[in-house]
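Worksheet for the structure shown next.
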Amino acid sequence: MQNKLNSIVQPLLMGPGPSCVSESVYQALAIPTLGHLDPEFIALMDDIKGYIRKLIKTDNQLTVPISGTGSAGMETCFVNLIEQGDKVLVLINGVFGTRMEDVAQRLGAEVDSIKFEWGTPVILDTVRKQLAQKNYDLVAVVHAETSTGVCNPVAEIGKLVIDNGALYLVDCVTSMGGMEVKMDDWNIDALYSGTQKCLSCPPGLSPVSFSDRAVGKLTNRKTKVPNWYLDLSMITQYWSGSARVYHHTAPINMLYGLYQACFSILEEGLENVIKRHNEMHILLVSELKILGLELFVEESVRLPMLNAIKIPNGVDDAGVRSRLLKDCHIEIGGGLGPLAGKIWRIGLMGETAKKENIQRLMDALKTMLR
Ligand code: PLP
């Protein structure tokens, strides 16, 4: 019997996620599995909650990693905070805003969406006008739109949402651990992220945090949370308190990985990590310029960790990407939806955001585009 795992060659992951995983995280994943109610494991869980709070700058008690990828975090926020008929406003400028709209609609919410051009940010004036017209139960937006490379003005939207009375939900899947996220200062009530982007952990967990207002909404629900697995009122009984109550068997080794990933960021210093992402972004942009490649997004609203590049006319999108992977073991992403065939997405997330990786990609692209 041939074991296919033995032939896997580690690619350089420079796409929209997953990103490169550090040796220390791989080692953490291989640490012997403890029982999910073992006091030693519970002590690790408490540290993980504290580390997440530090990375998103919050004091929220309800801060836990959900078992599942970023979309499970998205779903967790909606299923716990929305009841049938609730009024929800979703601000959309890419794939992940569109996914939020879909999730809210499936829960029977009354969903209004404002659609902005992909590749441009949410326009504050448009949001202000909408919020002046109607009161919402929840307003949702993506911080770092991975599908386009655009950063949305999350802090400024937060100021507008305060006056409306709505809860404010922000997707920080791609921003957490790579750029500033100030949950409390920005008036965010619910936030979710994912492990496979700037945390540089394999996919599988989704850090989620709820403000006291969000917890209030959860505890005063008229109806049960419609999803058993993601019901935070039960999950929190496992993640807090002196006597832990079994809900589902925690993915122990994935949580070791998350522990180590957060630990490494905090050890390097969050500010230093953010600075490294910015510096690597600037380096990448200048190197791309030398190759005659242009960015898709206007400079002031570009994400450092997700760079959308215009594919030059006449260049075979899929051909270049598949040769990069096959011949050079480098993965970059293509465009999604209306941007398919028009952009490449180069990720500089977490462990990937290093000079030597940029150099390796540039050398490969130089040969390929010649
Ligand atoms: N939100 C954003 C901004 C993302 O980039 C992604 C994944 O790329 C998701 C949500 C969904 O996360 P996952 O694919 O881990 O379920």
Considering only residues that are of a type outside the set (Asp, Glu) and in a loop (DSSP other than H, G, I, E, B), which ones fall in the range 45-73? LYS57, THR58, ASN60, GLN61, GLY68, THR69
Residues to consider are THR148, THR76; find the one that is part of a loop (DSSP other than H, G, I, E, B) and within 12 Å of the ligand (Cβ to nearest atom). THR148
Being at pLDDT 95 or above, outside any helix (DSSP H, G or I) and outside the structural domain of ASN60 (by TED's automatic domain parsing) narrows it down to one of LEU230, LEU288, LEU293, LEU283, so name that one. LEU293
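Would you say ILE42 is of a type in the set (Val, Ile, Thr), more than 16 Å from the ligand (Cβ to nearest atom), surrounded by fewer than 20 Cβ atoms within 10 Å (Cβ to Cβ) and assigned to a helix (DSSP H, G or I)? Let's see the steps before the verdict.
On the way: of a type in the set (Val, Ile, Thr): yes; more than 16 Å from the ligand (Cβ to nearest atom): yes; surrounded by fewer than 20 Cβ atoms within 10 Å (Cβ to Cβ): yes; assigned to a helix (DSSP H, G or I): yes.
Taking the combined requirement at face value, the residue satisfies it.
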Evaluate the range 300-316: report whether one residue or more is buried (at least 20 other Cβ atoms within 10 Å of the Cβ), in contact (Cβ under 8 Å) with a residue 60 or more places away in the chain and more than 30 Å from ALA28 (Cβ to Cβ). yes
ASP137: over 22 Å from the mean Cα position of the chain (by Cα), crowded, with 17+ Cβ neighbours inside 10 Å and either among the acidic types (Asp, Glu) or within 12 Å of the ligand (Cβ to nearest atom) (or both), yes or no? yes
Tell me, yes or no, whether the range 190-204 has at least one residue that is out of contact with any His (no Cβ under 8 Å at 6 or more places or on another chain) and either away from the ligand (no atom under 16 Å from the Cβ) or free of Cβ contacts under 8 Å to residues at least 40 places away in the same chain (or both). no
Any residue that is more than 12 Å from the ligand (Cβ to nearest atom), at negative phi, modelled with pLDDT under 95 and in the same structural domain as VAL141 (by TED's automatic domain parsing) - is there at least one of those in the range 163-184? yes
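Among the residues of the range 80-102, write down those that are part of a helix (DSSP H, G or I) and surrounded by 22 or more Cβ atoms within 10 Å (Cβ to Cβ). Walk me through it before giving the result.
Going residue by residue through the range 80-102, those that are part of a helix (DSSP H, G or I) are 80-81, 95-102.
Matches in the range 80-102: ASN80, LEU81, PHE96, GLY97, MET100.
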Out of all the residues in the range 13-27, is one or more within 16 Å of the ligand (Cβ to nearest atom), surrounded by 18 or more Cβ atoms within 10 Å (Cβ to Cβ) and under 15 Å from MET254 (Cβ atoms)? yes
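Identify, from the list GLN84, GLN105, the residue that is modelled with pLDDT of 95 or more, in contact with a strand residue (DSSP E or B) (Cβ under 6 Å, 6 or more places away or on another chain) and away from the ligand (no atom under 16 Å from the Cβ).
Checking each option against the conditions leaves just GLN105.
The values are calculated or read from the model by the stated rules, or taken from the named source; none is laboratory data. Just so it is clear, the model here is predicted, and its values are computed rather than measured. Methodologically, a virtual Cβ is constructed for each residue, glycine included, from the backbone with ideal geometry; neighbour enumeration extends over all protein chains shown.
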